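Worksheet: one structure, shown below.
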């Protein structure tokens with residue numbers, strides 16, 4: 001259905017006129033090929049992002065009261081130590097790999113953003129709306145995600161909430177856009193072949209056949225680079241960025257020297273406590289006076305108890321190699337020693353506890369307390385850690401005691417633990 005427009009039929013000078021765009025590389029095939037490369041990385045990034053939300057506690061960032069039901073068909077599993085390191089490493093790495101592809105895709109469809117008239121029909125209106133939401137959502141999600149990786153927050157809103165909701169907007173717009181453009185992709189690949197244009201060097205590079213309403217240039221200039229060279233450069237950039245991100249994970253220690261964008265640096269020293277620190281004691285105002293000889297762990301449940309660090313060290317100790325994995329994508333595996341959480345639950349008189357609320361000496365700021373589920377409590381490797389790599393944990397790593405639970409996001413592994421309240425089923 002055509003829509004009447006109050007705007008003049010003749011486009012104003014500038015990018016609204018087809019002859020403004022000169023690149024001989026643009027066209028339906030290039031946009032289709034870039035979109036096909038980009039889509040798998042977006043799907044990996046989105047899937048692992050929603051898995052991260054589940055690991056954080058399902059509906060924790062939904063409106064108060066949640067949805068009244070779980071949006072996930074399963075719980076975040078315990079007992080797989082590297083699970084969160086893997087999923088969040090994939091999330092960040094795939095997202096950063098996608099950025100050069102995203103900008104190339106936006107460049108390839110730039111003429112569509114300036115079409116004249118802006119709206120011609122109902123279907124065209126839907127396409128334009130999907131494109132606006134897609135571009136806006138993509139830029140917001142990827143920009144805020146990249147800033148979060150670098151621990152830079154030039155805004156006043158909650159990153160986790162905004163990033164989470166924007167992902168829904170972006171993915172809804174992407175779904176609509178793919179549905180609207182599927183026939184164009186099929187036609188482009190049928191006419192040009194999926195890989196055939198990549199065979200041609202600069203001398204054989206010619207514009208795609210011009211079609212009205214497409215991104216092909218009406219009056220193309222002579223090519224200065226082939227499509228093969230353009231896509232190869234984009235691919236090499238994405239691969240390089242991916243290697244940088246992979247190098248900051250516990251799986252990529254061999255490549256850590258290439259992790260130029262790692263927010264926690266690449267060199268930490270040779271000491272047993274020389275590894276990444278998410279937040280320092282000084283940053284959250286935890287002082288040595290608070291963690292000294294007067295510190296006591298308060299246990300609450302059917303029974304209550306107060307335990308010094310020496311008393312905790314006198315209990316049965318268990319040692320495991322376990323990773324800390326952060327939402328920014330970095331992870332590190334260290335050797336932790338401490339008391340099993342389920343042993344502490346038994347001391348509190350709740351041997352079959354359904355949950356525990358762990359509170360920190362940290363008095364203000366986010367994640368100063370965390371709730372753990374029964375499966376996390378019952379895992380053999382879930383510890384109240386007192387030592388790391390054979391020595392006492394440092395202040396910045398949570399002295400006098402911190403939580404270490406397999407596959408739990410790093411910020412939920414509470415540091416400077418002050419109390420633990422166990423609840424029965």
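The values are calculated or read from the model by the stated rules, or taken from the named source; none is laboratory data. Computed from a predicted structure; not experimentally measured. Glycine gets a Cβ as well: all are built from the backbone with ideal geometry, and neighbour counts include every protein chain shown.
Test residue 358 against the criterion of being under 27 Å from residue 283 (Cα atoms) and in contact (Cβ under 8 Å) with a residue 40 or more places away in the chain, and give yes or no. Yes: the conditions hold for residue 358.
Yes/no matrix, rows are residues, columns are (1) modelled with pLDDT under 95; (2) in contact with a helix residue (DSSP H, G or I) (Cβ under 6 Å, 6 or more places away or on another chain); (3) closer than 20 Å to residue 322 by Cβ:
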{"site": "367", "(1), (2), (3)": "yes, yes, yes"}
{"site": "374", "(1), (2), (3)": "yes, no, yes"}
{"site": "383", "(1), (2), (3)": "no, no, yes"}
{"site": "390", "(1), (2), (3)": "no, no, yes"}
{"site": "393", "(1), (2), (3)": "no, no, yes"}
{"site": "400", "(1), (2), (3)": "no, yes, yes"}
{"site": "409", "(1), (2), (3)": "yes, yes, yes"}
{"site": "412", "(1), (2), (3)": "yes, no, yes"}
{"site": "418", "(1), (2), (3)": "no, no, no"}
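Tell me yes or no: at least one residue of the range 304-325 is surrounded by fewer than 22 Cβ atoms within 10 Å (Cβ to Cβ) and at positive phi. No - not one qualifying residue is present in the range 304-325.
If we scan the range 85-107, do we find a residue that is surrounded by 14 or more Cβ atoms within 10 Å (Cβ to Cβ), over 17 Å from residue 164 (Cβ atoms) and modelled with pLDDT under 85? No, there is no match, as no residue in the range 85-107 is surrounded by 14 or more Cβ atoms within 10 Å (Cβ to Cβ), over 17 Å from residue 164 (Cβ atoms) and modelled with pLDDT under 85. Listed by first and then second residue, the pairs linking a residue in the range 107-124 that is more than 18 Å from residue 138 (Cβ to Cβ) to a residue that is modelled with pLDDT under 80 and outside any loop (DSSP other than H, G, I, E, B), with Cβ atoms under 7 Å apart and 6 or more places separating them unless they lie on different chains, are 120/2; 121/2. For the range 346-362, the set of residues classified as farther than 25 Å from residue 399 by Cβ and part of a strand (DSSP E or B) consists of 353, 354, 355, listed by residue number. Looking at this structure, is residue 335 within 30 Å of residue 48 (Cβ to Cβ), touching a strand residue (DSSP E or B) at 6+ places or on another chain (Cβ under 8 Å) and in the same structural domain as residue 397 (by TED's automatic domain parsing)? Yes: the conditions hold for residue 335. With respect to being on the phi > 0 side of the Ramachandran plot, loosely packed, with under 14 Cβ neighbours inside 10 Å and at pLDDT below 95, residue 57 falls outside the description. If you go through the range 363-419 and keep only what is in a helix (DSSP H, G or I) and in contact with a strand residue (DSSP E or B) (Cβ under 9 Å, 6 or more places away or on another chain), you end up with 374, 376, 377, 378, 410, 411, 412.
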